[in-house]
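This report concerns only the one structure given below.
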């Protein structure tokens, strides 16, 4: 089973009058790129939270938002009157032509004039936050698994299309080689005293150069291997990307040797589905 790098998970709960919300979302990335927004209350645990996310998400461009909202009215707001007066006096000394109310509005926005009493993070609240984080991660992984299931079906479908087009190459091979032989024989008639033995040696050489049997075998093997890795290996996105490159190499070689309009059409169709595979593989974890 494969997992998509696209994921979303959200969980929330209430602890001692505070509503805690954790939201995790991700997109594809070559490595783990984690961005976090954590309230000051939980800053001391940011490293631990990062480690939990890194261990479970593995790879992706990840955004994690943690929010803490007070639900109950609290009487722990403190106004520093002395600091407020000091700010107002300083503001007046700079511009003394304004009313006191205007200075008051500016002064209350200054640092530390209004503050709230903050309690230390207790072990119980930390355990509660870990539980909410775990629930959000479970929802996130479930989203990834479902996206991965859909992605896997699309990848297998595109692999099967390439297999079908590859099977359609064979009927044109004998026709192609016969056309090459006739073309060379027609050219031969334009010359006199041509060494027949040398001619057939050259014809055999070019026939061998145009032979695509090895490319067909290797392409079929790569297609089978891709599906095996897709179904049996975990966190296989990078490996599938490498196999897709090898599939592309064999398709390109097949196209360069084709020398036949119908085979070229089949190669173009293969390339079309391979591009879809490459794009989809980028989103596999």
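Odds and ends about this structure:
- Check on residue 31, over 13 Å from residue 129 (Cα atoms), outside the structural domain of residue 234 (by TED's automatic domain parsing) and exposed (fewer than 14 other Cβ atoms within 10 Å of the Cβ): yes
- Per the conditions (1) out of contact with any helix residue (DSSP H, G or I) (no Cβ under 6 Å at 6 or more places or on another chain); (2) at pLDDT 90 or above, the sole criterion not satisfied by residue 39 is (2).
- Where strands (runs of 3 or more DSSP E) fall wholly inside the stretch 43-125, the ranges with 3 or more residues that are modelled with pLDDT of 90 or more and surrounded by 15 or more Cβ atoms within 10 Å (Cβ to Cβ) are 60-70.
The values are calculated or read from the model by the stated rules, or taken from the named source; none is laboratory data. These numbers were taken from a predicted model, which means no experiment stands behind them. All Cβ positions, glycine included, derive from the backbone under ideal geometry; neighbour counts span all protein chains shown.
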